[in-house]
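Below is one structure, written out as structure tokens, with a few remarks after it.
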Amino acid sequence: MTATVLVINSGSSSIKYQLVDPEGGEALASGLVERIGEERGRLRHTSAAGVVEHMDPIPDHGAGLRMILDLFATVGPRLDEAGVVAVGHRVVQGGAYFGGPAVADDRVIEVIERLSPLAPLHNPANLRGILVARELLPGVPHIAVFDTAFFRSLPERAATYALDREVARKYRVRRYGAHGTSHQYVARMAAQLLGRPMAELRQVVLHLGNGASASAVDRGRAVDTSMGMTPLEGLVMGTRTGDIDPAVMFHLHRIGGMSVDEIDDLVNRRSGLKGLAGVNDLREIHTLVAAGDRDARLALDVYVHRLRKYIGAYAAILGGLDVLTFTAGVGENDDIVRAEALAGLEFLGIELDPARNAGRKKEATVISTDSSRVAVLVVPTNEELEIARQAVSLL
Ligand code: AMP
């Protein structure tokens, strides 16, 4: 019997889950419980037996997880026969504490709780999932896998903001990064695809989804990343500004009369591509661009300009570049963004092959020319598999 890991990603009103074979990389079942605490909850479970959907009220996370476990028992695969060796929990913020996965015991739970002010929307929701799962699945180890762990290794010079040191220390203000699980998985898969050890490679990973981040990975160690204390910093995203002069916030407050909460909402949920073009999905942006929409064209230009800036900056930080990899919704599917981001970068050793770049990529693919000094890749990310593998690595 193969060993499997149940991966749980608990949000404020949802639980996403996947039963993963960490060795083969296969997902044996997956699903999503949504609208917990609302009038009509929703559960969707996908397995070899097909897709099962329920619309029922789901009062809390405990009820949600109980419904999931019921479906495993009735629809399958049965967890008691699936060789579950661990439950892997996604946790967004591990602060300066966790550089790798950790058994979610009472001490670790207490630290995750203490870190909640740094991720007020995520850590409490992640914790809720851990607590109910520990109760309902007491027979297996529960492992917390942190989004920030891969970036725990950032050199101080990259993690430190040039802020008054006392204030920074008191409020734990520094660069923690995010999407680390994805960056780590993709960097490793990129090396594997090239058949070269991580220890030889200077890599840039571009995780371009609705949220987007870049990382510089020097011979396996993350040395910089674009997201900061929170996921607001860095690249232009679906609805977030990414880098912006912080004094814009003072201006909007003092001159625009906006409250802190209004500004928070503006920069996190009403900006980025959506703010510039009215839509956050790049497919829609391309349609608008093709129809001559100038706002959409500007949005795409700003998006690509920022990407190019980070590629150049990270090439400088790494002292050269061996591999550049695109991943996530945009990175895997959008050949226009990939081509525009890398156009004219031959001076860095980057030569994209237009035929190889064309189209969506479902599998890890080389999209640079054979003579390109930098290998340019698309590697589909798989955060669940990475969580499962990290959980197993701790057993
Ligand atoms: P993610 O957060 O990784 O699920 O990525 C979601 C984003 O990927 C969407 O908002 C789109 O901008 C982008 N995306 C998904 N599919 C495509 C596609 N076929 N072409 C271009 N962009 C896509």
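Filter region 54-92 down to the residues that are within 12 Å of residue 33 (Cβ to Cβ) and of a type in the set (A, V, I, L, M, F, W, C), then identify the one that is surrounded by the fewest Cβ atoms within 10 Å (Cβ to Cβ).
Applying the filter and picking the extreme gives 55.
Considering each residue of region 319-339 in turn, none proves to be more than 13 Å from the ligand (Cβ to nearest atom), more than 21 Å from residue 183 (Cα to Cα) and more than 22 Å from the chain's Cα centre (by Cα).
Listed by position, the helices (runs of 4 or more DSSP H) inside region 243-300 whose residues that are surrounded by 15 or more Cβ atoms within 10 Å (Cβ to Cβ), more than 16 Å from the ligand (Cβ to nearest atom) and at pLDDT 95 or above number at least 2 are 247-254, 260-269. Find all pairs meeting these conditions: Cβ atoms under 9 angstrom apart; at least six residues apart or on different chains; first residue within region 268-279 and closer than 13 Å to residue 243 by Cα; second residue of a type in the set (D, E, K, R) and away from the ligand (no atom under 11 Å from the Cβ). These pairs meet every condition: 268/240; 271/240; 272/240.
The values are calculated or read from the model by the stated rules, or taken from the named source; none is laboratory data. Here the structure is a predicted model, which is why all the values come from computation and not from measurement. Here the Cβ is made from the backbone with ideal geometry for all residues, glycine too, and neighbour counts use every protein chain on show.
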